[in-house]
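Presented below is the structure to which this report refers.
The values are calculated or read from the model by the stated rules, or taken from the named source; none is laboratory data. Since the model is a prediction, treat every value here as computed from it, not as a measurement. Note: ideal-geometry Cβ built from the backbone for every residue, glycine included; neighbour counts use all protein chains shown.
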Amino acid sequence: MDRRALDYLHAMGIQPWAERRVAVEVLTPLVPEEPITDGGPGWEELEAQVRVCTRCDLYRTRQNPVFGVGNRSAELMIIGEAPGAEEDRRGEPFVGRAGQLLNEMLVAIGLAREAVYIANVLKSRPLQNRDPRPDEVAACEPYLRRQLALVRPKLILAVGRIASQNLLKTDTRIGTLRGRVHDYAGTPLVVTYHPAYLLRTPLDKRKAWDDLRLVVRLLSGVA
Ligand code: URA
């Protein structure tokens, strides 16, 4: 087993590991961000739109919209479900316990959190973390699509059943969606388990590792 696999197993709490020696390479864009001139909003305008968005009722109860974070020229875009309580409080995706595990999963494949772009299907928190409603997803999707158009990643990693099914417009089980390359708005998309689920179901961490290896292969162009 190579070091990356061992690092992953350690990060996921599968095997004891004495020392952590992960060299995290933060991939920064070599060229400055260029203005996108296709007529849609740029980053600043888009973020301003989300800040005052009232397209669904979730704005009434949110503390902060959670726009997205990370490298706006990333090769990998992570898409989750919706902000939880901590994300709503801080205005940043994946900053709670699940976010910590997500960070460790990324480190295990040599990517710092800052190297990827992270967003959610919904920008506002559903109370009690209930599942997003179809009308909420539809109202929010143009923001996500615009983020995707601006980042232009090589690959999307959808985390969790809710994100995967909503992006792919399907009821298919996540276990069936995994392990294949799908398409979302012209960008290849792969699916893995949500880190919150993995915290509850550690036995599935090995499958998540297989998903991450697929991500690595696709990013390096060998899958
Ligand atoms: N779960 C998600 O899907 N997204 C977040 O931002 C936090 C938890």
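State which residue pairs qualify: first residue within 11 Å of the ligand (Cβ to nearest atom) and inside the range 103-127, second residue in a loop (DSSP other than H, G, I, E, B) and of a type in the set (Phe, Trp, Tyr) in any location, beta carbons under 6 Å apart, and separation of 6 or more residues or different chains.
From the range 103-127, the pairs are ILE118/PHE94.
Each row is one residue, and each column tells you yes or no for (1) buried (at least 21 other Cβ atoms within 10 Å of the Cβ); (2) at pLDDT 95 or above; (3) farther than 22 Å from LEU214 by Cβ.
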| residue | (1), (2), (3) |
| --- | --- |
| ALA48 | no, yes, yes |
| VAL52 | no, yes, yes |
| GLN63 | no, yes, yes |
| PHE67 | yes, yes, yes |
| ALA74 | yes, yes, no |
| ALA85 | no, yes, yes |
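Could you tell me which of the residues LEU198, LEU157, LEU219, LEU189 is crowded, with 21+ Cβ neighbours inside 10 Å and either farther than 27 Å from VAL50 by Cβ or modelled with pLDDT under 95 (or both)?
Sole residue among the options that is crowded, with 21+ Cβ neighbours inside 10 Å and either farther than 27 Å from VAL50 by Cβ or modelled with pLDDT under 95 (or both): LEU198.
Taking the range 159-180, which residues are under 18 Å from LEU219 (Cα atoms) and within 16 Å of the ligand (Cβ to nearest atom)? Outline the logic, then answer.
Initial filter on the range 159-180 (under 18 Å from LEU219 (Cα atoms)): 159, 178-180.
Answer for the range 159-180, where residues must be under 18 Å from LEU219 (Cα atoms) and within 16 Å of the ligand (Cβ to nearest atom): just VAL159.
May I ask you to say which residue of GLU45, GLU87, GLU81 is among the charged types (D, E, K, R) and within 22 Å of PRO188 (Cα to Cα)? Even if it seems obvious, please write down each step before you answer.
Details: GLU45 fails: within 22 Å of PRO188 (Cα to Cα); GLU87 fails: within 22 Å of PRO188 (Cα to Cα).
The match here is GLU81.
Is it the case that LYS123 is outside any strand (DSSP E or B) and within 15 Å of the chain's Cα centre (by Cα)?
The answer is yes for LYS123.
Going by the structure shown, is VAL222 among the β-branched types (Val, Ile, Thr), more than 16 Å from the ligand (Cβ to nearest atom) and closer than 16 Å to ALA108 by Cα?
It is false that VAL222 is among the β-branched types (Val, Ile, Thr), more than 16 Å from the ligand (Cβ to nearest atom) and closer than 16 Å to ALA108 by Cα.
Just to be sure, is ILE156 aliphatic (A, V, I, L, M), within 16 Å of ASP211 (Cβ to Cβ), over 15 Å from the mean Cα position of the chain (by Cα) and within 16 Å of the ligand (Cβ to nearest atom)?
When the stated conditions are applied, ILE156 does not pass them.
Tell me, please, whether a residue that is polar (S, T, N, Q) and at pLDDT below 95 can be found in the range 129-137.
yes
Sort out which residues of the range 85-115 are out of contact with any Pro (no Cβ under 8 Å at 6 or more places or on another chain) and over 21 Å from PRO202 (Cα atoms), and write them in order of number.
Correct list: ALA85, GLU86, ASP88, ARG89, ARG90, GLU92, GLY110, LEU111, ALA112, ARG113, GLU114, ALA115.
Might you let me know whether the range 108-120 holds any residue that is among the small types (Gly, Ala, Ser), closer than 25 Å to GLU47 by Cβ and crowded, with 22+ Cβ neighbours inside 10 Å?
So far as the range 108-120 goes, yes, one or more of its residues are among the small types (Gly, Ala, Ser), closer than 25 Å to GLU47 by Cβ and crowded, with 22+ Cβ neighbours inside 10 Å.
Please work out which one of (1) at pLDDT 95 or above; (2) of a type in the set (D, E, K, R); (3) away from the ligand (no atom under 13 Å from the Cβ) is the condition GLU34 fails and give its number.
Condition (1) is where GLU34 drops out.
Output the qualifying pairs, or none if there are none: Cβ atoms under 6 angstrom, residues six or more apart or on different chains, first residue in the range 67-81 and within 11 Å of GLN147 (Cα to Cα) and among the aromatic types (Phe, Trp, Tyr), second residue modelled with pLDDT of 95 or more and more than 9 Å from the ligand (Cβ to nearest atom).
The qualifying pairs are PHE67/GLU47; PHE67/VAL50.
Could you tell me which numbered condition GLU136 fails, if it satisfies all but one of (1) surrounded by 21 or more Cβ atoms within 10 Å (Cβ to Cβ); (2) away from the ligand (no atom under 11 Å from the Cβ); (3) in a loop (DSSP other than H, G, I, E, B)?
That leaves (3) as the condition not met.
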